[in-house]
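A.B. asks: For reference, the structure I am asking about is given below.
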Amino acid sequence: MKGFPEFKNLVQMSSERAAGRGDNTFVSFLSESGAPEGNITFSGLDEASRKIAAGLVAKGLSGRNLMLLYVPGLDYIKAFFGCMYAGCVPVPAYPPMGARDIDRLKRVVQDCDAGAILSSSMLMPMIEAWVANPSNGMNLDCIPTDTLMAGQDASGFEAFDAEPSDVAFLQYTSGSTGHPKGVMVSHENLIANFQQIVWSFAHSNDMDNVLSKLKTVIWLPPFHDMGLIGGVLTPIYAGTEVTLMSPLTFLKNPFVWLKTISDLGAIISGGPNFSYQYCARKITDEQLQQLDLSSWQVAFNGAEPIQVDSLNTFADKFGECGFNANAFLPCYGLAEATLFVAGSPASRGAKVVNADLDQLAKGTVKPVESAKSDSAPLVSSGELAIETDVRIVDPKSHEECAPGDVGEIWVNSPSVAKGYWDKPSFSDSVFRATMKGDDSGKTYMRTGDLGVMHEDELFVTGRIKELIIVAGRNHYPQDIEFSLQASNPTFRKGCGAAFAISDSGKEHLVIMQEVANAGGDQTDFQQLALAGSRAVATRHGITPKAVVLIAQGTLPKTSSGKIQRTEAKKLYELGNFAPLHTMETSSTQVVRKSDRKEEARPFTDWQTELYCEMQTWVSDKLNVEPHHIDLGVTFSELGVDSIEAIDLVDRLQDRIERTIPATELMRYPTVKAL
C-alpha cells in the first residue's frame with residue numbers, strides 16, 4: 001500500500017527494525033502489581049529469535065508446525081519469531097488448565113500435525129506429564145526455548161527468507177473444539193493488515209508521524225488474533241513500543257490496566273465489551289481519583305455486535321477522570337481476515353443507529369429518530385479498512401442484498417487468509433465464494449456474520465447460526481438478552497444466552513441467564529424469571545419457552561469473553577448444568593436450593609480448616625452442597641470461570657497472608673494444588 005513500509009515477510013520486518021531501531025525498547029512487560037517485569041529491544045528480539053531458530057534447525061524441525069504453550073510474556077514472543085526465523089510455522093495456544101482444554105489441545109495438535117511443543121522451563125513439567133499420559137496418545141518432543149536459547153551460538157546463522165504468500169502462523173479460531181480450524185495467515189496477509197490498522201488508528205502513512213500516535217497498552221491474550229496481531233506484531237511493524245501485561249493481571253486487578261494507561265499517557269488500548277463492563281463494576285471511587293485517562297485517544301472495542309450499554313456505562317463512570325467518549329473506536333474483524341476489517345474513524349466515538357424492531361425482525365434496518373421501546377440500538381463497526389470490499393449477501397441465494405437489508409457479510413481484502421489448514425474443500429466454500437450474477441471472477445470470504453451497510457459504514461447484527469426465527473420472524477439473541485437484563489439489575493449484563501430449540505416441529509425461545517446473587521429463595525427466582533419473560537414478550541412479541549437462571553460465572557464463554565450461545569444450547573439440551581431455577585411456559589420446573597446451615601467443626605489443622613473454607617466458598621458460588629465440591633479438580637471442571645478463579649485466589653492469599661501470583665494458576669490449576 002502506497003507510502004507504508006513494505007516488507008517481504010515478518011523475518012525481514014524484525015531484522016530491519018533491529019538494524020534501524022536496535023537499542024529502542026520494543027516491549028515492556030508488567031508484573032501483577034504494574035511494576036516492570038522485563039523488556040526487550042528490537043535487537044534483543046532479533047538475537048533471541050536467531051538463537052532459538054538455530055536450535056530448532058539443529059533438531060531438524062525446519063518446515064514443521066510447532067505448538068507454542070506459554071504464559072503471556074517475553075518468552076512467548078521470542079519463540080514466535082524464533083519459529084519463523086527457522087522456517088517453522090508457529091501455532092499459538094493457551095496452556096491446558098483442565099480436561100476440556102486438554103481435549104481441545106489434543107485435537108489441535110493432531111489437526112496441524114505438530115512437530116514439537118515449545119514452552120518455558122517453568123511449564124515444562126506440566127506439559128511433559130500431559131504428553132506422557134498414555135490416554136492422550138501424544139508422541140512429541142517438548143522443548144523449553146529458554147534453555148535452548150541459552151546454549152546456542154547464532155553467529156553466522158541465516159534466517160529463513162519466506163515468500164510473501166507463505167504461511168506465517170496458524171491461528172486456531174475461538175471455539176474450535178470437535179473440529180478445530182487453523183486459519184493459514186500468510187506474511188502478506190499480515191503486512192496488509194498492519195497497514196490497515198495503522199491507517200485506521202492514526203490516519204497517516206507517515207511512520208515518523210505515526211510513532212507518536214501509537215503508544216499502546218495491551219492486556220489481551222497473545223494467543224488470539226487481537227492480542228497477537230494488534231498487541232505484538234503491529235507495534236513491531238510500526239517500530240514503536242508497546243506495554244504488555246497478562247490477561248490474568250487484568251482479571252485480578254483491572255485497575256492496573258487503567259493506571260498504566262494513566263501513568264504512561266498511553267494513546268491506544270482496548271478490549272472486548274466485557275472488559276469495559278468489568279472495569280465499570282470493579283474500579284472503586286478511591287481508585288478513580290488516581291486516574292487521568294485524558295491521553296487515551298483510541299479505545300477500541302472488538303466484540304461484535306458491540307453493546308451501546310457497555311460504552312455508555314464506561315464513559316459515564318470514567319468521564320470524571322478525563323476519559324472522552326469520542327475515544328471509543330468500535331471495530332470488526334475475525335481471524336479469517338487476519339484481524340481487522342472495519343473500524344470507526346479515530347476520535348469520532350461510537351455511532352449509534354436506533355433501528356425499528358419490527359423491520360429488523362423482517363430483515364431490514366430502518367432507522368428511527370430516537371430510542372423507543374420498539375427499537376434496538378445498533379453500534380456501527382465503522383468504515384471499511386483500506387483496499388477492503390464488503391458485500392451484504394443473501395446466505396442462501398448468494399445474491400447481493402438490497403440497500404438496508406440484512407445479509408451475510410462477505411469480505412474481499414488483501415488481509416483475507418489463504419484458508420483453513422488441511423481443509424481444501426471447506427476452505428473453498430468459505431474463502432472463495434462468488435456472488436450470483438457477478439461474472440467478474442472476484443471471490444469473497446464468507447464471515448458467517450450478519451450485518452448491513454448503512455451510510456457507508458458496517459453494522460454487525462449477529463451470527464447466522466445464532467439467529468432466532470420464531471413464527472417466521474427474525475430475532476437477534478443480543479437484543480433479547482439486553483431486554484431481559486434491562487428488566488432487573490440482578491440479571492448480570494453481558495452474561496446471558498438466548499437461543500432457539502426445536503420441539504414438535506416448532507422453534508421456541510430459551511434464555512439462559514446468570515444472576516448476580518445466588519442466595520435468593522425460589523419465590524425470588526420465580527418472580528425474577530417472570531419479570532424477565534414479560535420484558536422480552538413486551539419488547540419482542542415472543543414469549544420464552546423457558547427462562548433458565550444460572551449461577552454467576554457458569555455461562556459458557558470463550559477465553560476472550562464472547563458468549564458461546566451454541567455451547568449454552570448444547571448444555572441445555574443435554575441437561576449438563578445445574579440451574580438455580582427454570583421457569584417454563586407449559587409447566588414451571590423448579591430446581592430447589594437446599595437450606596444449608598453452618599455447622600461448627602472441631603479444629604483439626606490449618607490446612608484442613610482452609611480446605612473447608614475454600615470448599616464452602618466454591619459451593620456458595622455454584623449453589624451446591626459443600627460435600628459435593630472436590631477441590632482437586634481444575635477450576636474449569638468446577639464450573640468456576642477465570643474471573644471467579646482470580647477472586648478465589650485473592651481470598652486464599654488474604655487468608656494465608658501471602659501473595660499468590662496469578663500466573664501460578666497455570667502451574668497449579670486447582671485449589672488443592674495452590
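The values are calculated or read from the model by the stated rules, or taken from the named source; none is laboratory data. Given the structure is predicted, the values throughout are model-derived calculations rather than measurements. Quick reminder, even Gly has a Cβ in these numbers, built from the backbone with ideal geometry, and neighbours come from all protein chains shown. Side chains included, ligands, DNA and RNA excluded: accessible areas come from the protein's heavy atoms. Shrake-Rupley method; radii C 1.70, N 1.55, O 1.52, S 1.80 Å.
A.B. asks: For Thr284 and Glu163, what does the FRET efficiency come to when R0 = 51 Å and r is the distance between their Cβ atoms, rounded to the nearest 0.05?
C.D. replies: 0.45
A.B. asks: With a Förster radius of 51 Å, plug the Cβ-Cβ distance of Lys465 and Arg655 into 1/(1 + (r/R0)^6) and report the FRET value to the nearest 0.05.
C.D. replies: Step by step, r from the Cβ atoms, then E = 0.70.
A.B. asks: Additional query: Mind jotting down a quarter of the surface of the convex hull over the alpha carbons of the stretch 65-105, in square nanometres, one decimal?
C.D. replies: 2.8
A.B. asks: Let me ask something else. Only residues of the stretch 121-154 count here: report those whose backbone N is under 16 Å from the spot 7 Å along Cα→Cβ of Ile102, or say none.
C.D. replies: 124-140
A.B. asks: What do you get for Rg/Rh over the stretch 1-75 if you use C-alpha atoms and the Kirkwood form of Rh?
C.D. replies: Rg/Rh for the stretch 1-75 comes to 1.03.
A.B. asks: By DSSP, what percent of the beta bridges with both residues in the stretch 5-146 are antiparallel, rounded to the nearest 5? Spell out each step's value before the answer.
C.D. replies: Working: 5 of 17 bridges.
The answer is about 30 percent antiparallel.
A.B. asks: Each label point is 7 Å from the Cα along the Cα-to-Cβ direction; what then is the distance between the points at Asp374 and Arg348, in nm?
C.D. replies: Taking the simple label geometry, Asp374 and Arg348 are separated by 3.0 nm.
A.B. asks: So if we plug the beta-carbon distance of Asp456 and Lys366 into 1/(1 + (r/R0)^6) with R0 = 22 Å, what FRET efficiency do we get, rounded to 0.05?
C.D. replies: For Asp456 and Lys366, the calculated efficiency is 0.80.
A.B. asks: Rounded to the nearest whole Å², what accessible area per residue is found for the chain with the 1.4 Å probe?
C.D. replies: 41
A.B. asks: With each run of n ≥ 4 DSSP H residues scored as -39500 (n - 2.57), what mean residue ellipticity at 222 nm is computed for the chain after dividing by its residue count and rounding to the nearest 500 deg cm²/dmol?
C.D. replies: -10000 deg cm²/dmol
A.B. asks: While we're here: Where in the stretch 73-97 does the amide nitrogen come within less than 20 Å of the point 7 Å from the Cα of Lys59, taken along Cα to Cβ?
C.D. replies: 73-96
A.B. asks: Points 7 angstrom from Cα along the Cβ direction at Tyr611 and Ser135: gap in nanometres?
C.D. replies: Output for this residue pair reads 2.1 nm.
A.B. asks: Based on the Cα coordinates of the stretch 416-565, what is the per residue volume of their convex hull in Å³?
C.D. replies: Per residue, the Cα convex hull of the stretch 416-565 comes to 183 Å³.
A.B. asks: Follow-up. Which of the following values of log10 I(q)/I(0) by the Debye sum over Cα atoms at q = 0.05, 0.12 Å⁻¹ was calculated from the structure shown: [x] -0.23, -1.47; [y] -0.33, -1.16; [z] -0.24, -1.28?
C.D. replies: [x]
A.B. asks: Under a plain spin-label model, where a point goes 7 Å from the Cα along Cα-to-Cβ, how far apart in nm are Asp422 and Ala35?
C.D. replies: Label-label distance for Asp422 and Ala35, simple model: 4.6 nm.
A.B. asks: If you check each cysteine of the chain for another cysteine whose beta-carbon is under 4.7 Å away, which ones come up empty?
C.D. replies: Cys112, Cys142, Cys279, Cys321, Cys331, Cys401, Cys495, Cys612
A.B. asks: Determine the share of the chain's accessible area contributed by carbon and sulfur atoms, expressed in whole percent, with a 1.4 angstrom probe. List each step's numbers first, then the result.
C.D. replies: On the way: 12960 of 27560 Å².
Ligands and nucleic acids excluded, carbon and sulfur reach 47 percent.
A.B. asks: Still on this structure, I have one more. Between Ser502 and Gln110, what length in nm is gained on full extension when 0.36 nm per residue of separation is reduced by their alpha carbon distance?
C.D. replies: Details: separation 392, 0.36 × 392 = 141.12 nm, distance 3.42 nm.
Stretched fully, the Ser502-Gln110 segment lengthens by 137.7 nm.
A.B. asks: How big is the stretch 40-165 along each principal axis, measuring the range of its Cα positions in Å and listing the largest first?
C.D. replies: Here the spans come out as 43, 30, 22 Å, largest first.
A.B. asks: So if each residue of separation counts as 0.36 nm, and I subtract the Cα-Cα distance between Thr147 and Thr443, what length gain in nm does that give?
C.D. replies: Result: 102.0 nm gained on full extension.
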